[in-house]
Every structure is written in structure tokens, then in C-alpha cells.
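Working notes, beginning with the structure itself.
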Amino acid sequence: MLLLTLTGCGRSADEPHVVLYVSADEHLARQVIREFREQTGIRVDLVSDVEAKKTTGLVQRLRAERDNPQADVFWSSEVFMTIQLAEAGVLEPYESEATADWPSTYRDPENRWYGFAARARVIVYAPDRVDADQLPDTWMGLCDSRFKGRIVMADPRFGTTGGHLGAMKAYWTRIMGAAYYTAFLDGLADNRVRMLPSGNAGVVQAVARGEADLGLTDTDDVWAAQAQGANVRLIYPRHAAGFGNDGTGTLLIPNTVARVAGGPNPQTAAQLIDFLLSERIERLLAESVSHNIPVRPGLAEQYSEYAVPDPLHVNYAKAAGMMRTAVEQAVRRLRDKDHDDAP
């Protein structure tokens with residue numbers, strides 16, 4: 001069920017406003033839009049969804065509203081489904097002055113979306129149950145039999161896990177051949193990896209509670225758990241055995257912001273997009289409990305403790321294009337292992 005929250009105590013028909021669909025953490029979104037209203041006087045009508053499925057739910061809603069748009073701006077916590085929306089004509093070009101020197105990796109060639117404040121895909125583990133010298137160096141290392149029955153992951157049909165699988169399939173198909181992704185899924189299935197419906201945060205919580213020893217998740221969920229006292233740590237696995245600075249490291253997933261095609265308030269939408277892409281917001285998100293990694297040139301150096309060593313060189317558009325088949329393969333293969341376990 002979608003949740004609509006209105007900023008401010010009262011509403012006026014002629015009051016400038018903007019409708020924001022957001023799948024980023026709501027407590028961060030509220031802080032951002034509070035500052036936006038204070039700075040501009042523009043009211044933000046915020047629409048979110050439940051934690052485990054919020055990006056997918058909002059994407060489905062945007063698709064359903066394509067012929068009668070209700071939203072002005074989409075702020076997503078990932079990039080892959082944003083790209084899919086752009087290709088479906090749900091988003092429209094907007095050239096933001098805030099991104100004049102933006103890295104090309106984090107902007108659509110047609111200016112239909114921009115990336116900012118990234119997270120990284122990591123393995124979370126329990127240091128009291130997994131020795132540091134036993135941790136895998138690569139994602140394929142999770143297929144080692146010593147981890148059998150000890151790993152959890154989020155349901156890839158929702159959230160960043162699906163995008164990561166799409167990136168794996170795209171990268172490995174280009175570098176190592178299509179069979180490599182299949183072998184990875186076979187290895188996860190052989191190791192009885194469990195898919196959880198509770199999202200990446202649920203993965204971290206399962207490891208913290210002792211229900212698993214390792215999990216596939218995002219940095220922000222690990223940082224948040226550590227801030228709450230959980231005894232969990234993270235590592236940055238590579239997608240191929242490498243020696244650093246060769247683009248084989250872990251995946252960065254930026255937040256994205258875009259203007260909805262035909263939205264009712266295009267001018268205030270432009271102001272909100274520029275605000276979200278400002279240095280102030282990347283700094284705010286970096287200093288939050290999520291510790292998002294700035295993509296703005298120069299700013300990331302100020303938060304080097306959260307920097308990812310040697311991020312994966314990946315084409316986000318190709319990953320988005322392969323995401324559906326990658327997820328279908330994963331769900332089918334990991335469900336098959338449940339049948340294998342049946343008496």
C-alpha cells in the first residue's frame with residue numbers, strides 16, 4: 001500500500017508545490033524536502049511505499065499513470081529501473097545546470113535521469129562466526145562449499161539485488177561468457193542460499209540475529225545496523241580476480257532523480273531536481289547514517305573512509321536491459337533448490 005505524506009500543516013490551491021515519488025529511505029527524504037521547502041517555499045507532496053518493495057511498487061505506479069501522470073519527480077534509490085522507465089517513455093529530458101561537470105557514467109545521454117549519492121553492493125558477515133581469512137575475495141567465492149547453508153540474500157524481484165544480478169550477467173557475459181552467470185547461480189543453489197522477502201535490511205538483520213553468517217546486501221544497510229550496535233561487518237568482493245584499479249571490483253549503485261514526462265508541475269519539478277543534485281544534498285547523504293558515496297568530482301575525496309576500492313566498470317543501461325532475464329534465472333534456479341531439498 002502506498003503512503004502519501006504532505007509537508008506543511010495546510011494546503012492552498014494556488015500554493016506552489018511539487019509531487020515527489022521517492023524510494024529512498026523516508027527519514028532522509030523528509031529531511032531533504034524540509035530543507036527544500038525552507039529554501040524555496042515550495043510544498044512537496046511525498047509518495048513512498050513499503051520498505052521491501054518500494055522501488056518496484058513506485059515504478060509500477062509510474063507505468064500505470066503514464067497517460068495521466070500524477071508525479072512530477074521520481075527519486076529512486078537505484079538506477080536500473082529508472083533506466084527502464086526512461087526507455088518506456090515515462091521520464092522526460094531535463095538539463096540540470098547542477099550537472100555541468102557530472103561524470104558521464106552517472107547521467108543519461110539524453111538527460112532523462114541523473115545519478116548521485118551511491119551505495120555499494122557488499123557481503124555482510126558476522127565476525128564472530130566467520131574468520132577474516134575465510135571470507136571470499138570474489139562474488140563467485142560465495143559458491144565455496146564451506147558456506148553451504150550459511151548465506152542469505154534479498155528476493156531479487158525487488159530492490160537493488162535484481163539490478164546487481166543484471167550487472168553481473170552483463171559484465172560476466174562480456175568478459176567470461178554467458179555460462180559464468182549460470183555457474184554462479186548453480187553455485188548459490190548448491191550452497192542452499194535463502195531468499196528473504198524483507199529486503200537488503202532484512203539480510204543484515206538475519207546475519208546480526210545469527211540466522212545466517214553471510215549475506216548479499218548494500219553498504220547503507222550495514223552502516224545503519226552498525227550504528228544500532230549490531231556486530232556485523234562488510235567486505236567489497238570483486239567480480240573477477242584482479243589486482244586493483246582494473247574495474248573488476250564491487251558495484252556502485254547511485255540514487256537517481258528524473259522528471260516525469262507530462263507531470264503537472266514541470267517548473268517546480270526542475271527546482272527540486274536541481275536541489276537534489278546539489279553539493280549540499282550529496283554531503284547530507286554522505287554524513288547520514290547511510291553514508292552514501294558522493295559522485296560529484298572532488299566531494300568523494302572528503303569522505304574517503306566510505307570509498308569503494310576499484311568500482312566495477314559496468315554499463316548501467318546494458319545491466320538494466322539484462323535485469324529481467326537475470327532475475328528470472330535466479331528465482332527459478334534458487335527455487336529449484338527448494339524442490340531438491342524436499343523429501
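General observations
- Residues of the stretch 310-324 that turn out to be farther than 15 Å from Trp113 by Cβ and part of a loop (DSSP other than H, G, I, E, B), as a count: 5
- In this entry, Arg146 is excluded by the filter for residues that are farther than 15 Å from Val207 by Cα and either among the hydroxyl-bearing types (Ser, Thr, Tyr) or not in a helix (DSSP H, G or I) (or both).
- Filter result (in a helix (DSSP H, G or I), more than 12 Å from Gln329 (Cβ to Cβ) and not small (Gly, Ala, Ser)) within the stretch 152-170: Thr160, Thr161, His164
- Among all positions in the stretch 130-140, there is no residue which is charged (D, E, K, R), touching a helix residue (DSSP H, G or I) at 6+ places or on another chain (Cβ under 6 Å) and assigned to a loop (DSSP other than H, G, I, E, B).
- Considering residues of the stretch 100-149 that are basic (Lys, Arg) and in contact (Cβ under 8 Å) with a residue 60 or more places away in the chain only, the residue surrounded by the fewest Cβ atoms within 10 Å (Cβ to Cβ): Arg129
- Verdict on Arg296 being buried (at least 19 other Cβ atoms within 10 Å of the Cβ), in the same structural domain as Arg34 (by TED's automatic domain parsing), under 26 Å from Leu28 (Cβ atoms) and not polar (S, T, N, Q): yes
- Residue list for the stretch 75-103, filter: within 13 Å of Tyr316 (Cα to Cα), in contact with a helix residue (DSSP H, G or I) (Cβ under 7 Å, 6 or more places away or on another chain) and polar (S, T, N, Q): Gln84
The values are calculated or read from the model by the stated rules, or taken from the named source; none is laboratory data. Keep in mind that what you see is a predicted model, and the values were worked out from it rather than measured. As a convention, Cβ positions derive from the backbone with ideal geometry for all residues, glycine included, and neighbour counts pool all protein chains shown.
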